[in-house]
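K.L.:
Structure incoming, see below.
Bear in mind these aren't lab numbers, they're just calculated from the coordinates by the rules spelled out. Predicted model, so just to flag it, every value in this text is computed and none were measured. Glycine also receives a Cβ, built like all others from the backbone with ideal geometry; neighbour counts cover every protein chain displayed.
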């Protein structure tokens with residue numbers, strides 16, 4: 001039964017919730033609006049909210065001045081690259097642990113998760129030196145490698161919790177019908193696993209896109225993804241609110257959209273299946 | 001039997017992940033441990049020598065270290081307090097029937113999806129800036145002196161920014177947990193004459209306790225390593241007022257090139273995180289059995 005609530009109470013809840021929601025969202029809305037202002041309007045006092053001359057010149061300016069697209073592509077390559085590579089390594093592992101568990105499977109899973117608990121700063125020095133000596137500093141390859149490693153435990157865990165939900169009997173039936181291991185994977189497991197893999201992919205792209213410890217420390221001008229590129233606006237010379245807003249809007253828009261589509265998976269992935 | 005074949009295949013499939021993570025876990029950490037026992041500065045190549053525990057004593061007696069430990073804990077506890085209390089309140093609110101619930105949910109979740117450098121810079125420039133920020137304008141509107149947040153209260157400002165980013169996480173998880181609460185139980189309690197407050201204390205809160213624990217533990221892991229927000233807002237300053245342990249090690253390594261000292265700091269950070277991780281693993285381990 002649905003709860004019976006008076007329309008009056010529902011209205012009050014609606015007003016309160018919308019007010020709080022808009023307040024929480026406001027910094028993002030404000031960034032979006034400011035990205036269409038001129039620099040003068042961006043710092044006008046009193047601030048202008050909607051009634052200003054909307055302009056898209058900031059977007060053009062950001063691109064022409066700093067080759068924004070290059071950094072955007074770095075973000076795309078690094079986040080998609082590390083996610084796909086991670087999935088490639090993780091899918092067989094998660095599959096094996098979900099369907100042929102041994103006594104030690106749980107320990108292996110817990111151990112994998114424990115690598116995620118290591119604070120990145122604990123290995124910053126050696127990673128920096130290794131990257132420097134191997135010529136990986138400020139390369140997209142280097143970033144893909146690091147982000148694959150730091151997110152691998154999350155990918156394996158998420159896939160594992162999804163694979164666990166696929167009924168094992170179906171696999172046994174396929175096996176009895178004489179399906180080989182590879183056929184079992186291609187025709188039976190994959191179609192059922194696609195939703196879980198897609199969710200894992202989404203969440204991991206979000207995490208990799210926003211990762212801001214390794215990308216800031218291991219990249220400079222060449223391979224810098226958007227996290228590091230935006231950070232360059234922190235210098236006082238970079239106090240151009242409208243341009244900062246335009247750069248920021250383009251950096252966060254794709255992930256906002258992805259994230260809104262995967263709210264449920266977000267909870268599950270981020271709590272390692274502890275809250276569903 | 002097929003099981004033998006399957007078992008060795010399974011091992012083969014797990015091997016790459018295990019080997020990669022093992023290498024990722026052991027090689028750099030062993031190097032950090034080794035460096036932490038050396039006098040090793042990148043500006044003086046070839047001068048490395050064994051230094052015993054000097055780096056640790058240096059680090060552990062540095063006033064900046066204690067400030068950093070204090071700041072690290074302040075950020076973790078401050079953000080946890082705001083997000084858990086605020087998140088519980090928001091989750092309770094969002095669980096009520098209302099118009100446009102889906103849209104409000106989307107609005108509330110958004111900050112979590114924003115990259116840390118964008119979030120921090122937007123707050124720093126467009127809100128907290130004492131001249132052009134919106135807060136300064138609001139203060140003037142109310143006849144108050146604009147407050148220079150990042151200069152006068154750097155740590156608090158960073159806590160507020162990070163809390164804004166993590167509030168959606170707590171809300172989302174607590175809301176998910178709340179929605180799994182049996183509706184009939186609530187109705188039964190209501191019929192038995194339990195008021196809203198006692199229903200919250202005796203029914204809702206115990207139901208949420210697990211989710212709250214998960215929120216606290218997972219956030220702690222991430223909050224111990226807050227970095228980008230500090231880098232782009234205060235750069236750890238003024239002085240070391242907003243330097244946390246992660247930032248201190250970063251500064252030691254990449255700004256002062258003191259490999260030995262930074263490594264000792266890194267090892268200390270690992271030990272701290274392990275204490276937290278110990279509890280988190282036990283929590284999740286229990287879930288796995290269930």
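K.L.:
How large is Rg/Rh for segment A:7-59, to two decimals, with Cα atoms and a Kirkwood Rh?
P.N.:
On the Cα set of segment A:7-59, Rg over Rh gives 1.18.
K.L.:
At 222 nm, what value in deg cm²/dmol follows for chain B if DSSP H runs of at least 4 each add -39500 (n - 2.57) and the sum is divided by all its residues, to the nearest 500?
P.N.:
-22500 deg cm²/dmol
K.L.:
Which residue fluctuates most in the GNM of chain B (Cα springs below 10 Å): B:37, B:167, B:107?
P.N.:
It is B:107.
K.L.:
Over chain A, what is the mean sequence separation of C-alpha contacts under 8 Å (at least six apart), divided by residue count, expressed as relative contact order in percent?
P.N.:
30
K.L.:
Related question: Fully extended, how many nm does the chain gain between residue A:29 and residue A:6 (0.36 nm per residue separation, minus their Cα-Cα distance)?
P.N.:
The span from residue A:29 to residue A:6 would gain 5.0 nm if fully extended.
K.L.:
Here is a further query. Among B:258, B:148, what is the fewest-to-most ranking by other Cβ atoms within 10 Å? Provide the component values of the computation, followed by the final result.
P.N.:
Working: B:258 23, B:148 16.
The fewest-first ordering by Cβ neighbours comes to B:148, B:258.
K.L.:
Compute the acute angle (0 to 90°) between the alpha-carbon long axis of helix A:7-34 and the principal axis of greatest extent of the alpha-carbon atoms of chain A; round to the nearest 10°.
P.N.:
70
K.L.:
Once the Cα atoms of helix A:105-116 and of chain A are each reduced to a long axis, what angle between those two axes, in degrees from 0 to 90 to the nearest 10, is obtained?
P.N.:
Taking the Cα atoms of chain A, the angle to A:105-116 is about 20 degrees.
K.L.:
On the principal axes of its Cα set, how long, how wide and how thick is segment B:63-289? Give whole Å, largest value first.
P.N.:
65, 53, 26
K.L.:
If the elastic network links every pair of Cα atoms under 10 Å, which of B:155, B:94, B:248 fluctuates the most in the Gaussian network model of chain B?
P.N.:
Result for chain B, Cα springs under 10 Å: B:94 fluctuates most.
K.L.:
I've got another one for you. Decide, for chain A, between rounded, prolate and oblate: order the square roots of the alpha carbon gyration tensor eigenvalues as a ≥ b ≥ c, take rounded if a/c falls under 1.5, and otherwise choose prolate if a/b is larger than b/c, else oblate.
P.N.:
Details: a/c = 2.47, a/b = 1.39, b/c = 1.78.
Cα axes put chain A in the oblate bin.
K.L.:
Per Stokes-Einstein, at 37 °C and 0.692 mPa s, what whole-number D in µm² s⁻¹ belongs to the protein assembly as shown, with the Kirkwood radius over Cα pairs as the hydrodynamic radius?
P.N.:
Working: Rh = 25.4 Å.
Taking Rh from Cα pairs, D becomes 129 µm²/s.
K.L.:
Which residue fluctuates most in the GNM of chain A (Cα springs below 10 Å): A:119, A:92, A:225?
P.N.:
For chain A, modelled as a Gaussian network with Cα springs under 10 Å, the answer is A:119.
K.L.:
As I understand it, the value is the acute angle between the Cα axis of helix A:57-66 and the longest principal axis of the Cα atoms of chain A; what does it come to in degrees, rounded to 10?
P.N.:
Once rounded, the angle reads 70 degrees.
K.L.:
Still on this structure, I have one more. Find the relative contact order for chain B and round it to a whole percent, using C-alpha pairs within less than 8 Å whose residues are 6+ positions apart.
P.N.:
Taking the mean separation of contacting Cα pairs over the length of chain B, I get 29 percent.
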